[in-house]
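Here the structure comes first, spelled out in structure tokens, and everything after it is commentary.
The values are calculated or read from the model by the stated rules, or taken from the named source; none is laboratory data. Everything numeric in this text was worked out from a predicted model, so none of it was measured. Reconstructed Cβ throughout: ideal geometry from the backbone, glycine too, with neighbour counts over all protein chains shown. Only protein heavy atoms, including side chains, enter the accessible area calculation; ligands, DNA and RNA are left aside. Shrake-Rupley method; radii C 1.70, N 1.55, O 1.52, S 1.80 Å.
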Amino acid sequence: MRYFLELAYLGTAYHGWQRQPNAVSVQEKIEEVLTRLLQGNAEIVGAGRTDAGVHAKQLFAHFDAEEIFDAEEIRFKMNSMLPKDIAIIAIFKVRPNAHARFDALSRSYEYHIIQHKNPFVMDQAFYLKKDLDIAKMNKAAEILKIYTNFKCFSKSRTDVKTYNCKIESAVWKNSGDLLVFQITADRFLRNMVRAIVGTLLEIGQGRSSVDNLHEIIKSEDRGKAGTSVPAQGLFLTKITYPKIAVE
């Protein structure tokens, strides 16, 4: 039987989502607890992987179990055993071939910027005390929806079959003390959101122009795009699935 986990975590203490041989990951922590509770090797497959220091307000993963169990009881026990920075939101049964990664229709991210010193959000935002032209940044963000090849924003030496992504929306908004960049696409390349944000911030500071973004994307050259912003401001916020994924 296949189950989906819905979870959230602060990524500050972890070397990303994916299990690694010499570093602590979110996947490792969850698999350890689930294996103990199910009394058997529990391997989970995530909807994607976040880099070191990146957070997730919503991420899904699937795993298989030989026997039916009380999902709510397991969720409660997992939350009592997991570190305080990882939370299991829900566990639910899905069809046998449902896949947390391949069935996902879209993924949404937010990037948080704080422009005045605030000790309560500094660990989950990028502190940037510079004037920004938000109108220009939003005009540039609209350009992203025209294109599909985003090799210029991809981490170098990434093993992917295609650099194509369909961006559905991209916009900057003020949210209380934060300046928030929201972006949704069918898929994302490694480091893509942080590179996009870095490029848009250069436009907002007047170091690059809105029109220059066309040339950056067409170049397919990571060196032409802006510097990647720090990981602590990035949140995976939502993953959508077709209704057929849930039994």
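Residue count for segment 42-80 under the criterion of being touching a residue at least 24 places away in the same chain (Cβ under 8 Å) and assigned to a helix (DSSP H, G or I): the result is 4.
Condition (residue is assigned to a strand (DSSP E or B) and of a type outside the set (S, T, N, Q)) applied to segment 30-39: is it met by at least one residue? Talk me through it step by step, then tell me what you get.
Just the residues of segment 30-39 that are assigned to a strand (DSSP E or B), to begin with: none.
Looking through segment 30-39, none of the residues is assigned to a strand (DSSP E or B) and of a type outside the set (S, T, N, Q).
Sort through LEU38, LEU7, LEU34 and tell me the only one that's in contact with a Leu (Cβ under 6 Å, 6 or more places away or on another chain) and either surrounded by fewer than 17 Cβ atoms within 10 Å (Cβ to Cβ) or within 19 Å of ALA100 (Cβ to Cβ) (or both). I'd like the intermediate steps shown before the answer.
Working: LEU38 fails: in contact with a Leu (Cβ under 6 Å, 6 or more places away or on another chain); LEU34 fails: in contact with a Leu (Cβ under 6 Å, 6 or more places away or on another chain).
After ruling out the rest, the residue left standing is LEU7.
For the residues THR50, THR148, the requirement of being among the β-branched types (Val, Ile, Thr), within 21 Å of the chain's Cα centre (by Cα) and either farther than 24 Å from VAL171 by Cα or surrounded by 19 or more Cβ atoms within 10 Å (Cβ to Cβ) (or both) singles out THR50. State whether the residues of segment 168-185 include one that is modelled with pLDDT of 95 or more, touching a Ser or Thr at 6+ places or on another chain (Cβ under 8 Å), part of a loop (DSSP other than H, G, I, E, B) and at negative phi. No: zero hits.
The requirement of being on the phi < 0 side of the Ramachandran plot and open to solvent by 80 Å² or more (accessible area, probe 1.4 Å) is not satisfied by PRO83.
Being at pLDDT 90 or above and in a loop (DSSP other than H, G, I, E, B) is the filter; apply it to segment 20-29 and report the residue that is surrounded by the fewest Cβ atoms within 10 Å (Cβ to Cβ). Restricting to residues being at pLDDT 90 or above and in a loop (DSSP other than H, G, I, E, B), the top hit is VAL24.
Of all residues in segment 138-165, which are more than 30 Å from TYR14 (Cβ to Cβ) and either outside any loop (DSSP other than H, G, I, E, B) or in contact with a Ser or Thr (Cβ under 8 Å, 6 or more places away or on another chain) (or both)? Reasoning before the result, please.
In the first step, residues of segment 138-165 are kept if they are more than 30 Å from TYR14 (Cβ to Cβ); the result is 138-140, 142-143, 145-149.
Matches in segment 138-165: ASN138, LYS139, ALA140, GLU142, ILE143, LYS145, ASN149.
Check segment 173-186 and report whether any residue there is in contact with a strand residue (DSSP E or B) (Cβ under 8 Å, 6 or more places away or on another chain), within 21 Å of ASP131 (Cα to Cα) and β-branched (Val, Ile, Thr). Yes, some residue in segment 173-186 is in contact with a strand residue (DSSP E or B) (Cβ under 8 Å, 6 or more places away or on another chain), within 21 Å of ASP131 (Cα to Cα) and β-branched (Val, Ile, Thr).
For the structure I just gave you, tell me whether ALA90 is exposed (fewer than 15 other Cβ atoms within 10 Å of the Cβ) and either within 22 Å of the chain's Cα centre (by Cα) or at pLDDT below 95 (or both).
Numbers: exposed (fewer than 15 other Cβ atoms within 10 Å of the Cβ): yes; either within 22 Å of the chain's Cα centre (by Cα) or at pLDDT below 95 (or both): yes.
Judged against the criteria, ALA90 is a match.
Checked against (1) closer than 28 Å to ASN174 by Cα; (2) out of contact with any Ser or Thr (no Cβ under 9 Å at 6 or more places or on another chain), TYR109 passes all but a single condition, namely (2). Cβ-Cβ contacts under 8 Å between residues 6 or more apart (or on different chains), taken from a first residue in segment 165-176 that is open to solvent by 80 Å² or more (accessible area, probe 1.4 Å) to a second residue that is of a type in the set (A, V, I, L, M), are listed as LYS166/ALA185; GLU168/ALA185; LYS173/LEU179; LYS173/VAL180; ASN174/ILE134; ASN174/VAL180. Is it the case that ILE44 is farther than 29 Å from ARG187 by Cα, more than 16 Å from the chain's Cα centre (by Cα) and open to solvent by less than 20 Å² (accessible area, probe 1.4 Å)? Considered against the rule, which asks whether it is farther than 29 Å from ARG187 by Cα, more than 16 Å from the chain's Cα centre (by Cα) and open to solvent by less than 20 Å² (accessible area, probe 1.4 Å), ILE44 comes out as no. Scanning segment 104-137 for residues that are in contact with a helix residue (DSSP H, G or I) (Cβ under 9 Å, 6 or more places away or on another chain), open to solvent by less than 30 Å² (accessible area, probe 1.4 Å) and assigned to a loop (DSSP other than H, G, I, E, B) yields ALA104, ALA125, LEU128.
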